[in-house]
1. Can you give the Rg to Rh ratio of the stretch 676-726, both from alpha-carbon atoms, with Rh computed by the Kirkwood formula?
2. Looking at the calculated P(r) for the stretch 316-378, what percent of the C-alpha pair distances fall above 16 Å?
3. For a label point 7 Å from the Cα of E527 along Cα→C-beta, name the residues of the stretch 770-786 whose backbone N is under 12 Å from it.
4. Around Q690, with a cut-off of 11 angstrom between Cβ atoms, what is the net charge of the other residues, counting Lys and Arg +1 and Asp and Glu -1?
5. Given the options Y325, L679, T588, identify the residue whose Cα lies farthest towards the positive end of the charge dipole of the chain (+1 on Cβ of Lys, Arg; -1 on Cβ of Asp, Glu).
6. Using 0.36 nm per residue, how much length does the chain from Y267 to K345 gain when fully extended, once their Cα-Cα distance is taken away?
7. Given a Förster distance of 25 Å, report the FRET efficiency between L512 and R354 from their Cβ-Cβ distance, rounded to the nearest 0.05.
8. Excluding residues on the same chain fewer than 8 positions from K564, give the aspartates and glutamates whose Cα lies under 19 Å from its Cα.
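Bear in mind these aren't lab numbers, they're just calculated from the coordinates by the rules spelled out. Because the structure is a prediction, the values reported are computed rather than measured. Counting neighbours? That spans all protein chains shown, and the Cβs are built from the backbone with ideal geometry, glycine included.
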Amino acid sequence: MSYKKTNKTYRTILLPDVMDDDAVEMIPLLSPEEEEEMGKYKIPDELPILPVKNTVLFPGVVIPITVSRQKSIRLVKKAYKGSRIIGVTAQANASKEEPNSEDLYKVGTVAHILKMLVLPDGNTTIIIQGKRRFEVVNFLHEDPFITAKVNLLTENFPDISKRETKALIRSLKDAASKILKLNPEIPQEAQIALDNIESPSFLTHFLASNINADVLDKQKILETNDGIQRATTLLQYMLKDIQLLELKNEIQSKVHSDIDQQQRDYYLRQQIKVLQDELGYESQDQEIDNLRVKGAKKKWPEVVAKHFNKELDKIARMNPAAAEYPVSMNYIEMLIDLPWGEYTKDNFDLKKARKILDADHFGLEKVKERIIEYLAVLKLKNNMKGPILCLYGPPGVGKTSLGRSIAKALNRKYVRMSLGGVHDEAEIRGHRKTYVGALPGKIVQNIKKVKSSNPVFILDEIDKVSSDFRGDPSSALLEVLDPEQNFAFMDNYLEVEYDLSKVLFIATANSLETIQPALRDRMEIIEINGYTLEEKVQIAKQHLVPKQKKEHGLGTKDVTLDTKAIVKIIDDYTRESGVRTLERKIGTVIRKVAKAIAMEEPYSKVIREQDVAKMLGAEIFDKELYQNNEVPGVVTGLAWTQVGGEILFIESSLSRGRGKLTLSGQLGDVMKESAIAALSYLRANAENLQIDYRVFDQFDLHIHVPAGAVPKDGPSAGITMFTSLASLYTQRKVKDRLAMTGEITLRGRVLPVGGIKEKILAAKRAGIKEIILCAKNRKDIEEINATYIQDLKIHYVDHVDDVLDIALLKEKVKNPFNLSIIENMNGTSSYTNQVNTPVS
């Protein structure tokens, strides 16, 4: 483009790219004084007002404006068809999309629309030239666009012939020329346009429109009536701009020779930041400010607040491209996301809580009573630290689902964390945030997820925590589960203390033996035993069958399982303390019905006992496990396993030999010791039991526990082993349908054992009628519902002699061995009916 010096000022206006080459026009710009002399424009005292943001229009200046608001588009189109005279005022609040009269400055500029272009995107671009300054007397209308009554302001600029005015005009031009030299981004042709301006008023307006200043500063210049004062204020802003440009050029000249890749990247990022600001994206400073505002709203302790602000200040000084920046930002966001001091309100309606627990779980009265006690104390005291409960029992009895019911009853959030196989201490305490890929521990992660500092937190399978070279998670749990410490739990990632004292931790375990003693000491153990047949029937009717119907898309009336069918499934197809396998078998039956309905095949709406075998196939388990004791030496014992109670048989036999003892059936060390102790007591008291002592040296003894593929261990088989040996050596059979459990000492005392309820339930399932227990186990029987043991006769003993009096029949087996037992010097003597006859 080129310029030529004339008696008029010219400025090139480049219209949008959608136009053709003719869009580049030379538009004559007359000064306001020349316009008035020509009398070309007559300005009315009522004007439509066009609000603009981020810019201020000055008289004599030509600028393009993109109009996108509907009110503004209506105004422009109407004005363009008429006089093309409008009023332009700047918005006081540029962020408001639909401004009204209260959002506008009162001083603006009358503008003449030179050209209007309608763009393909629906927006309208107009090119306007400022004419006169005006002041709004009052606003008249808001719709269909803003109109106002205005008062034109006269220009008050002294005669240019005065020395002061000439000096001020010269200073403005010199400052403008200096800015053009210091700022290489401004084209040098602008100097020609500057030289062509002769009017001091227009020079002031032209420079004010193009200086690097805020809208508020430009509006201040526009509102100044005195011309000298207006030019002086403009000169002050231009001198500040010159100082900044000089400082910028000085810094650039110093570092230009020493710039490296990092500085270059920083410069590019600053440019990206400017572009992001223009596009409305959030910059780093804005992001940090937003985080600081969020942090101010958190209810965290003062120590945490200071730590947060310190970390945030560190991030503000950090280069966004540095490797530490995203790590620090993730840490700050984690601190903000945690629910510091945010709690859900507990439900203290104890009757409602009891109904929820009863509706979700059948039985489990002891556990329910403990939860109600916790609620009662919390209701009265309102500041009780959450106790650590440990639900202990075999799989499938509802330990984990009970935790969900507790959360529902308390109206708390529910969290479940599986500890099975966890062997890294960092899973509990978190990693230090200096490590690559560091994360907080699962405790803190789950607290963040539920957004509450007092949830019901289920620590599932706490007995299956393992340890290796990465640490011992069970030791890390000591601080979590100790009410005296967990109010200041320290996660390695957070580096600040977090209060876990309001969390209701509930642990579940299948076995207590594998839990670290110190950890077990911090928990209140609540035992959940297996269900009886009657309980399983009720659980199936109330919970399992309706649940399976819903999961398989069946209605309540589509199929029904009668009681005998459910009993058959329990007896013949499941062998467990819980109900997990029972639920799967019921699901199989329901699927058969669902298939028949989907294929429109005939089916029975009531599933009876005889239908179960057709649907599930042959019985998996033998309903009658008890085997009659036809020969001496066979005794029924009771054992506890992780899946509940079981009955087992102990068999003993004699064969000619030298008194060798053989144990088989994959027995553990404890059961082997029980067998040795029983044999030692038997040998020591052979005379009292009418046993010839020489039989121990002339015959080998073999003790076997069937199901050899199943490992067996525990102290429960002591009196069972002794009874088996006593029955064998005295050749007295054991009473029919009798089982026993208890440990034995070398003095013949009977010691108590655990797992009584599971063992009693197993005995009842197997058809046992009488049970022998240690007298000290009487308290365990008293905790069992009397209806479950009403058909059982229980004998309480303190000594093994009492066991034999109850267990062994009086008469002996005739001719038991059919072989010679003792060979003497003169011949043989048969060990038949007279066992204690001395041999000469």
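1. We get a ratio of 1.02 for the stretch 676-726.
2. Of the Cα pairs, 65 percent sit more than 16 Å apart.
3. Those under the cut-off are 777-784.
4. Local net charge: 0.
5. T588
6. Once the chain is fully extended between Y267 and K345, it gains 22.9 nm.
7. 0.35
8. K564 reaches E534, E535, D572, E576, E583, E609, D611, E619, D622, E624.
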